[in-house]
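*Asks:* So that we are looking at the same thing, I have put the structure below in structure tokens.
What follows draws every value from the coordinates through simple rules; no lab data is involved. From a predicted model like this one, the values you see are computed outputs, not experimental measurements. Ideal geometry is used to build each Cβ from the backbone, glycine not excepted, and the neighbour counts take in all protein chains shown.
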Amino acid sequence: MKLFIYHTPELTPTDTIPDCAIAVDVLRATTTMATVLAAGGEAIQVFSDLDTLKLVSADWDADKRLRAGERGGAKVEGFDLGNSPLDCTEKLVKGRRLFISTTNGTRALQRIQSAPAVLAAAFVNRAAAVNYLLAKQPEIVWIVGSGWEGTYSLEDTACAGAIAHSVLQQTNTPLDELAGNDEVVGAISLYEQWRDRLVELFHQASHGKRLLRLGCHEDIKYCAQVDILDVLPIQCEPGVLKILG
Ligand code: 3SL
């Protein structure tokens, strides 16, 4: 297995596809997706465009769907939800499909959607993503951070590093064999430096600061928990993710 990390969708190559691609948006889209499926959501369907989301979801019974829209960290008017994982209780999401559009996370998923295996990972389900890689042994794996509107995000790179670090430890592979690009080495170092202080790291991050300004302290604490959800959102048709199995 060779791992490649790309900090943003914009930095991801357009001339090849990997065997497996993992989108990471720790704050907060992929954390929310894992949370919804862990709480019994039927599926997640992602959109970069809010109008297309409204159009497609209109074909679903109102009690079988939830519409989540986030822009700039805030809930979009007229949508059922923004992008807080803490709003996604079992009572609300069980049996329903989440139609979601966020500033960056859903764009990252769309950017990699032609890969044969597409996963959504965050710190909350890091182990589930790693277990998938260890079981399936895809040859070329991309981990794509969502960033913020084309720029680097500390929290996504730290999570990519956490995935790479765990694969490295569990396979005893030498770093230079596993690392497909320099970003992997940098991301592992970032994770190692902050692994016991993730909330503090998120407070340093520009998007963490944006969420704090919006009052999302509890979201940040929730998103910093590692390996608390044993679920892996995996794409079953373009733009639609479900739990494997
Ligand atoms: O950028 C995104 O896709 C979102 O995750 C941003 S937010 O955390 O919902 O503000």
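*Asks:* Could you sort out which of K64/K91; K54/K242; K94/K242; K94/K221 sit more than 22 Å apart by Cα distance in this structure? Don't jump to the answer; show the numbers that get you there.
*Replies:* Values: K64/K91 13 Å; K54/K242 20 Å; K94/K242 13 Å; K94/K221 24 Å.
Result: K94/K221 exceed 22 Å.
*Asks:* Could you tell me which of A135, I5, G95 has its Cα farthest along the dipole of the chain towards the positive end, charges placed at Cβ (Lys, Arg +1; Asp, Glu -1), taken about the Cα centre?
*Replies:* Selected residue: G95.
*Asks:* Sticking with this structure for a sec: What ranking do C216, C236, C159 get, fewest neighbouring Cβ atoms within 10 angstrom at the top?
*Replies:* Numbers: C216 22, C236 13, C159 32.
By the 10 Å Cβ count, ascending: C236, C216, C159.
*Asks:* With viscosity set to 1.567 mPa s and temperature to 4 °C, compute the Stokes-Einstein D of the chain, Rh being the Kirkwood radius across alpha carbon pairs; µm²/s, no decimals.
*Replies:* Roughly 74 µm²/s, to the nearest whole number.
*Asks:* Then there's this: Which residue fluctuates the most in the chain, going by a Gaussian network model with Cα springs under 10 Å, if the choices are P18, P174, P233?
*Replies:* Most flexible of the set in this elastic network: P174.
*Asks:* Using Cα-Cα distances under 8 Å and only pairs 6 or more residues apart, what relative contact order does the chain have, in percent?
*Replies:* Numbers: 530 pairs, mean separation 80.8, N = 245.
After rounding, I find 33 percent.
*Asks:* Same structure again: Hey, fewest Cβ within 10 Å first, where do V76, V26, V93 land in order? Mind dumping the intermediate values first?
*Replies:* Values: V76 18, V26 33, V93 22.
If I rank by nearby Cβ atoms, fewest first, I get V76, V93, V26.
*Asks:* Now, a different point. Would you mind telling me which residue in N181, N104, N172 has the biggest mean-square fluctuation in a Gaussian network model of the chain, where springs connect alpha carbons within a distance under 10 angstrom?
*Replies:* N172
*Asks:* Can you give me the distance in nm between label points at T89 and C236, each placed 7 Å from the Cα along the Cα-to-Cβ direction?
*Replies:* Result for the modelled spin labels: 2.7 nm.
*Asks:* In what sequence do E155, E183, E77 fall when counting other Cβ within 10 Å, fewest first? Before the final figure, lay out each step's value.
*Replies:* Working: E155 31, E183 21, E77 7.
So the residues, fewest neighbours to most, are E77, E183, E155.
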